[in-house]
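Peer 1: Just passing along the structure, written as structure tokens.
What follows draws every value from the coordinates through simple rules; no lab data is involved. Given the structure is predicted, the values throughout are model-derived calculations rather than measurements. When we count neighbours, we look across all protein chains shown, and the Cβ atoms used for this are built from the backbone with ideal geometry, even at glycine.
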Amino acid sequence: MRKLVNKTLEKAGTLSRNSYPIKTKLHSNLRKLQRSIKRNYLLYLLVFPVIVYFVIFKYIPMYGVQIAFKEFIATEGITGSQWIGTEHFERFFNSHYFWRLIKNTLGIGVYQLLVGFPIPIILALLINEVRKNAFKRFAQTITYAPHFLSVIVLVGMLFLFLSPSNGIINKLIVLFGGEPIFFMTEPSWFKTTYVFSGVWQQMGWSSIIYLAALSAVDPQLHDAAKIDGASRIQRIWHVNIPAILPTIIILLILQSGDILSVGFEKVFLMQNELNMESSDVIATHIYRSGILGAQYDYSAAIGLFESVVNFIILIMVNNFAKKTSSTSLW
């Protein structure tokens, strides 16, 4: 018995000695944090409202995600509802519209990334090369303005411009000998109409961050390239693009993480029975199931599935960017 007690005391002493460096390091880190807060308290005050916003509106509501694994009954509440595991996920995966939703959502997301991501970069490079300040301001105003249109106004403009009888686009098609195209009802035209109207609306606003990055390029680099005989295209390719490449990579990672988060409002406003084959996405299905059908638990499971897939894609793209370049989110 005495030997057992001695061994226990020896182990306790060993553990306490091993834990001592950990405690010392923890206290050291806390002291560093306190000094940093005292030295930069204004910056911490500046970021504090943002932290509060994310905690209240992003993290605390995550408590309700558990209804995706329950048979939610409003009168019983979240904690009182019966736990059913992954039944809602299995129901969604085995439904006949699962692959249609994935195909449409992923198709629009990838299409939007491939077309909508490089165009603001090209626009920023073009605007940056304009030497007349008056024309540069005019071009920026014209390209920024559509961003401030509401989604309802934008979709209304689409119905007017793309009307098969009175729309200006179809008038031009008929003028050149073609047949009117039913853009808003043909399933084959839905993705193209959705993506390019979004590019037109957002390309000017999205180019602002690239213009800001281009303004930080050292003019001496361009002077040196001119002395070496580089043309304007060569200077754009070898000076401007490498300078904004870290910004491009970061924004590409962030946009890749939203590839399944196709906006609900615009799709819903453009959707009708004739183009449902191409316009039915995860967001509209959640609306029909959760809001109209009052299946809150089932729609929460679909939303959680979408978020998990987006998170996995974000991690994969970030790791790929880290391996191929020195720029990544973490």
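Peer 1: Please report, for the Cα atoms of region 154-205, the Rg to one decimal and the Dmax as a whole number; what are they, in angstrom?
Peer 2: Cα only, region 154-205: 11.5, 36 Å (Rg, Dmax).
Peer 1: Short version: ³J(HN,Hα) in whole Hz for each residue of region 265-280, in order, from phi by Karplus 6.51 cos²θ - 1.76 cosθ + 1.60 (θ = phi - 60°), x for Gly and Pro, what are they?
Peer 2: Values per residue, Gly and Pro as x: 4, 5, 4, 5, 6, 8, 7, 8, 5, 7, 9, 4, 4, 10, 9, 6 Hz.
Peer 1: Which shape class, rounded, prolate or oblate, goes with region 43-85 when its Cα gyration tensor gives a ≥ b ≥ c as root eigenvalues, a/c under 1.5 marks rounded, and past that a/b bigger than b/c marks prolate?
Peer 2: prolate
Peer 1: Apply the membrane-span-like helix rule to the chain: whole DSSP H runs, Cα extent along the own long axis of at least 24 Å, mean Kyte-Doolittle hydropathy at least -1.0. List the helices found.
Peer 2: 98-116, 187-206, 296-324
Peer 1: How many nm separate the modelled label positions at E90 and F268, each set 7 Å beyond the Cα in the direction of the Cβ?
Peer 2: Going from the E90 label point to the F268 one covers 3.1 nm.
Peer 1: Also, I was wondering about something else. If you average the sequence gap of Cα pairs under 8 Å that are 6 or more apart and divide by the length of the chain, what percent do you get for the contact order?
Peer 2: 23
Peer 1: Which label marks the calculated value of semi-axes √(5λ) of the Cα gyration tensor in Å, given the options (1) 68, 17, 15; (2) 44, 37, 20; (3) 46, 37, 18?
Peer 2: (3)
Peer 1: What's the ranking of 174-184, 290-300 by average number of surrounding C-beta atoms within 10 Å, highest first?
Peer 2: Top to bottom by mean Cβ count within 10 Å: 290-300, 174-184.
Peer 1: Mind giving me the FRET efficiency for F117 and R31? R0 is 30 Å, r the Cβ-Cβ distance, nearest 0.05 is fine.
Peer 2: Computed FRET efficiency for F117 and R31: 0.10.
Peer 1: Can you sort T185, T247, T75 so the residue with the fewest Cβ neighbours within 10 Å comes first?
Peer 2: Ranking T185, T247, T75 by Cβ neighbours within 10 Å, fewest first, gives T75, T185, T247.
Peer 1: If the chain between N133 and I227 were fully stretched, how many nm would it gain, using 0.36 nm times the residue separation less the Cα-Cα distance?
Peer 2: Numbers: separation 94, 0.36 × 94 = 33.84 nm, distance 2.51 nm.
Using 0.36 nm per residue and subtracting the Cα-Cα distance, I get 31.3 nm.
Peer 1: Can you sort H96, H27, H285, H222 by how many other beta carbons sit within 10 Å, fewest first? Let's see the in-between values first.
Peer 2: Working: H96 6, H27 10, H285 20, H222 16.
By the 10 Å Cβ count, ascending, the order reads H96, H27, H222, H285.
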